[in-house]
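Bear in mind these aren't lab numbers, they're just calculated from the coordinates by the rules spelled out. Here the structure is a predicted model, which means the values were calculated and not measured. Here the Cβ positions follow ideal geometry from the backbone for every residue, glycine too, while neighbour counts run over all protein chains shown.
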Amino acid sequence: MGDLDRILSVLGELRRRLIRIAFVLAPLFGFLITFELRPFSLRVGAWQLPLAYPYPSLFYNVTAQVFGALRAWVLPSGVTLLNVGVGDSVIVQLEIGFLLTLILGMPWIVHEAGAFLFPALRKNERELLRRIGIPATLLFAAGTLLGILYLTPLTFRLLFAYVAAMGSAPVVGIESFVEFSLLYSLAFGIAFELPVFVYGLTRLGVVSADAWVRHWRGAVIGSLVFGMIVTPDNSGITMLLVATPMIALYFAGVFFAGRWERQRRTPRPVALGV
């Protein structure tokens, strides 16, 4: 098989995997923007189980319900949300639906991506992916939940404290509110992947643990730059709130990478036969 045939074969396989992903994500996205979840309770003995069933609703759909929950949890009391542009509400629903589709469909995306990449990986690389797959997923979920449940509301309270000190009206556009909340929370999810990244490169032999320690200053600067890029506002407060846990997570990754190197260098005792 020539080089062109190999390239065409790879592109054909990539196209097949993307189509399989689209077949799952497109119906999921359609459901989120055309159905609402109506709650009901089911009695099982002495227990009341809260459940929900889908009901067609083009306007008050799942994305609108998520927006309402986000507003109630994240936005400080006394702050008014404004629909500044005519189509802001539509854009907000599409943004929330797209993000929820990615989150809910991520296991399928990872499965298809792994099936596409595994034939090209060496044995140690496949083993590494199996080992870090679950921790990486859990860290991303933990970082995103920490961001949306605690750090994003805290950031809004801090920023609107400055608004109150300036005597300005506490208002925010719904599109700005959603973009800030989602991007800021996702930034924490991405930041929590840093220990996996550091540990994985050390396991693959690309970067030694000592090299991570020597270049800690660059990691600090990189964390600050990342916090500046991913935060959608221009204040240094949000940048520091993202960069500070990233720096701590970097050193956590360095610790586990160094421990793995020490374990690898330590000779295992050989059992002697009687």
For Phe35, other-chain or 5+-apart residues with amide H closer than 5 Å (H placed, Pro excluded) are Ser57, Val62
Mind jotting down the distance between the C-alpha centroids of the range 12-86 and the range 119-187, whole Å? 19 Å
Please go through the range 48-81 and write out the chymotrypsin sites (Phe, Trp or Tyr not before Pro) that DSSP classes as loop and that have at most 16 other C-beta atoms within 10 Å. Phe59, Tyr60
Across 10 Å bins from the origin, how do the percents of Cα pairs in the range 41-189 run, short distances first? 9, 28, 28, 21, 12, 2, 0
Roughly how many nanometres apart are two label points built 7 Å out from the Cα toward the Cβ at Arg264 and Val44? 4.7 nm
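The chain: Rg/Rh from Cα coordinates, Kirkwood Rh?
Values: Rg = 23.5 Å, Rh = 22.3 Å.
Radius of gyration over Kirkwood radius for the chain works out to 1.05.
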Which residue, Arg157, Arg262, Arg203, tops the fluctuation ranking in a GNM of the chain built on C-alpha contacts under 10 Å? Arg262
Listed residues Ala165, Asn61, Leu11: farthest to the positive end of the dipole of the range 3-192 (Cβ charges): Leu11
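I want the antiparallel fraction of DSSP beta bridges within the chain, as a percent rounded to 5.
Around 75 percent of the beta bridges assigned by DSSP in the chain are antiparallel ones.
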Trypsin sites (Lys or Arg not before Pro) lying in DSSP loop within the range 97-133, provided at most 15 other Cβ fall within 10 Å: Arg122
At 27 angstrom or more along the helix axis (alpha-carbon based) and mean Kyte-Doolittle of -1.0 or higher, what helices does the chain contain? Whole DSSP H runs only. 3-34, 123-146, 236-265
Most fluctuating residue given options Arg217, Arg20, Arg43, as computed from a GNM of the chain linking Cα atoms under 10 Å: Arg43
Answer in debye to the nearest 20: the dipole magnitude of the chain about its Cα centre, from +1 Lys/Arg and -1 Asp/Glu charges placed on Cβ, is 1220 debye
Put a dot 7 Å past each Cα toward the Cβ at Leu138 and Thr80; how far apart are the dots in nm? 4.7 nm
Say a paramagnetic label sat at a point 7 Å from the Cα of Val225, along Cα to Cβ; which residues of the range 161-199 have their backbone N under 19 Å from it? 187-188, 190-195, 197-198
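Per DSSP H run of n ≥ 4, the term is -39500 (n - 2.57); total these for the chain, divide by its residue number, and report the mean residue ellipticity at 222 nm rounded to 500 deg cm²/dmol.
Numbers: 11 runs with 191 residues, N = 274.
Taken over the chain, the calculation gives -23500 deg cm²/dmol.
Full extension from Phe116 to Arg131: what is 0.36 nm times the residue separation minus their Cα-Cα distance, to one decimal in nm?
Working: separation 15, 0.36 × 15 = 5.40 nm, distance 1.81 nm.
Extra length from Phe116 to Arg131 when fully extended: 3.6 nm.
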